[in-house]
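Engineer: Okay, here's the structure, questions in a sec.
The values are calculated or read from the model by the stated rules, or taken from the named source; none is laboratory data. Since this is a predicted model, take the numbers as computed values, not measurements. With ideal geometry, Cβ positions are generated from the backbone for all residues, glycine too; neighbour counts draw on all protein chains shown. SASA here: full protein model, heavy atoms, side chains in, ligands and nucleic acids out. Shrake-Rupley method; radii C 1.70, N 1.55, O 1.52, S 1.80 Å.
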Amino acid sequence: MNDVHEFNFDLVRRMPFRSAERQTTYLSLTGTAGRYGEVAVTVGTVPRQATLTAPGLPEASVTHPDDLKRGLILIDERTRLSVGGLRATLTWNRRSLGKKGRGISIGLGDRGYTYLRIGAGEEELRDAERGPLVRQRNRFGSSTVGVTVLPAAEPADLALALVLQGADRTGLTITQTAVFGVLSYLHPGHGDV
């Protein structure tokens with residue numbers, strides 16, 4: 001077990017302002033993650049990839065082989081997610097009616113995780129054996145994501161939870177899936193909620 005206590009920090013969303021930056025970056029989230037230091041999650045347009053950079057955490061990235069639209073990285077069984085050099089396997093049951101059944105199942109090394117919506121604007125990364133590890137709160141319309149790192153979390157767990165902020169998680173609830181479907185129909189290629 002590690003000696004980390006629960007701590008909180010904020011990720012601040014920043015949209016690129018300069019024209020040159022808009023050509024290569026869709027979104028940037030930055031904050032200070034306690035003893036792990038400055039963290040940045042960047043969703044790039046060239047290349048189409050979400051990456052985590054942090055001096056105290058393992059490298060992490062999310063890509064999709066045919067994700068051509070602007071916005072967050074698509075998640076399905078073909079998504080490529082890696083943390084600390086380990087490649088993850090992902091499964092997602094978008095048709096489940098319950099919140100827990102709609103979570104993203106992630107296999108990373110010998111660990112089994114679930115990433116799910118636990119309340120309005122609140123998501124959680126759980127380990128099959130250790131339970132809840134990282135919670136993230138995002139109020140509608142807010143440019144800040146509140147992050148709570150629970151005592152059982154290790155650096156790879158936090159890296160995984162943070163890089164998923166660059167992924168399209170709209171399917172975690174039935175409501176989000178319905179809204180996303182309507183927006184995708186009305187504005188093809190611009191379905192990010």
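Engineer: Is it true that some residue in segment 106-113 is among the charged types (D, E, K, R), modelled with pLDDT under 95 and in a strand (DSSP E or B)?
Structural biologist: No; the residues of segment 106-113 include none that is among the charged types (D, E, K, R), modelled with pLDDT under 95 and in a strand (DSSP E or B).
Engineer: List, please: which pairs have Cβ atoms under 8 Å, are six or more places apart or on different chains, and start with a residue in segment 26-44 that is of a type in the set (Phe, Trp, Tyr) and end with one that is open to solvent by 40 Å² or more (accessible area, probe 1.4 Å)?
Structural biologist: Taking only residues 6 or more apart or on different chains, the pairs are Tyr26/Arg70; Tyr36/Pro55; Tyr36/Pro155.
Engineer: Another question about this same structure. Go through (1) over 23 Å from Arg48 (Cα atoms); (2) open to solvent by 20 Å² or more (accessible area, probe 1.4 Å); (3) outside any strand (DSSP E or B); (4) modelled with pLDDT of 85 or more and name the single condition Gly141 misses.
Structural biologist: (4)
Quick grid of which residues meet (1) acidic (Asp, Glu); (2) open to solvent by 50 Å² or more (accessible area, probe 1.4 Å):
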| position | (1), (2) |
| --- | --- |
| Ile104 | no, no |
| Tyr115 | no, no |
| Ile118 | no, yes |
| Glu122 | yes, yes |
| Ala128 | no, yes |
| Arg135 | no, yes |
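Engineer: I've got another one for you. Please go through segment 124-138 and pick out each residue that is assigned to a strand (DSSP E or B) and closer than 19 Å to Val39 by Cα.
Structural biologist: Those that are assigned to a strand (DSSP E or B) and closer than 19 Å to Val39 by Cα: Glu124, Leu125, Leu133, Val134, Arg135, Gln136, Arg137.
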